[in-house]
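Trainee: Take this structure, written in structure tokens, and hold onto it; I'll ask about it next.
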Amino acid sequence: MNLHTIHESEVSAVHLPGRWHKMIVGPGQFGPASHMCFGVAEFPPDEQAPEHVHEQAEEILYILTGRGQFFFDGHPEEVEPGVCVYVPPGVFHRISVTGNEILKVAYVFSPPVRQGSYDRK
């Protein structure tokens, strides 16, 4: 058993609105990191994550595959592989897939969040 490494395939995906989400490192996950969390999310073509906000957490996302738009307080910005996205606390944002392939992102939150806890109910 590895103490410091894990493969993404060892983590089960959780379905959240518009995406599949794998929290890989964080409290209660592999690690256990206590001040941040890391994972990947996949957005199928023609899907979007609903607008949401992280009141206390900063988020960094890195686009691995696909194309889409990130909306920040309603204003769109185009994303593609290689683009890094920073979301400060308190900024409403959502993600929309514009291409015909999966939009896959790697993300980090600090402080850590629970999967889907920020989605509007």
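The values are calculated or read from the model by the stated rules, or taken from the named source; none is laboratory data. Note that the structure is predicted; figures quoted are calculated from it, not measured. Cβ coordinates were reconstructed from backbone atoms using ideal geometry, including for glycine residues, and neighbour counts include every protein chain displayed.
Trainee: Quick check on my filter: what residues within segment 18-33 are more than 12 Å from the chain's Cα centre (by Cα), surrounded by fewer than 18 Cβ atoms within 10 Å (Cβ to Cβ) and either at pLDDT 90 or above or within 20 Å of Phe72 (Cα to Cα) (or both)?
Mentor: Val25 - this is the single residue of segment 18-33 that is more than 12 Å from the chain's Cα centre (by Cα), surrounded by fewer than 18 Cβ atoms within 10 Å (Cβ to Cβ) and either at pLDDT 90 or above or within 20 Å of Phe72 (Cα to Cα) (or both).
Trainee: Looking at (1) touching a residue at least 24 places away in the same chain (Cβ under 8 Å); (2) under 12 Å from Lys104 (Cβ atoms), which is the only condition Met36 fails?
Mentor: Result: Met36 passes all but (2).
Trainee: Check segment 75-83 and report whether any residue there is touching a Gly at 6+ places or on another chain (Cβ under 9 Å) and either among the small types (Gly, Ala, Ser) or in contact (Cβ under 8 Å) with a residue 40 or more places away in the chain (or both).
Mentor: Just the residues of segment 75-83 that are touching a Gly at 6+ places or on another chain (Cβ under 9 Å), to begin with: 78-81.
From what is left, the residues that are either among the small types (Gly, Ala, Ser) or in contact (Cβ under 8 Å) with a residue 40 or more places away in the chain (or both) are none.
No, segment 75-83 has no match at all.
Trainee: Of the residues that sit in segment 34-59 and are in a loop (DSSP other than H, G, I, E, B) and of a type in the set (D, E, K, R), which one is surrounded by the most Cβ atoms within 10 Å (Cβ to Cβ)?
Mentor: First pass over segment 34-59, keeping only residues in a loop (DSSP other than H, G, I, E, B): 34-36, 44-47, 53-57.
From what is left, the residues that are of a type in the set (D, E, K, R) are 46-47, 55.
Details: Asp46: 11, Glu47: 17, Glu55: 8.
Residue satisfying both the conditions and the ranking: Glu47.
Trainee: Can you find a residue in segment 92-99 that is modelled with pLDDT of 90 or more, in a loop (DSSP other than H, G, I, E, B) and among the hydroxyl-bearing types (Ser, Thr, Tyr)?
Mentor: Yes: one or more hits.
Trainee: Test Phe43 against the stated conditions and say whether it is at negative phi, of a type in the set (Phe, Trp, Tyr) and in contact with a Leu (Cβ under 7 Å, 6 or more places away or on another chain). Even if it seems obvious, please write down each step before you answer.
Mentor: Details: at negative phi: yes; of a type in the set (Phe, Trp, Tyr): yes; in contact with a Leu (Cβ under 7 Å, 6 or more places away or on another chain): yes.
So Phe43 passes the test.
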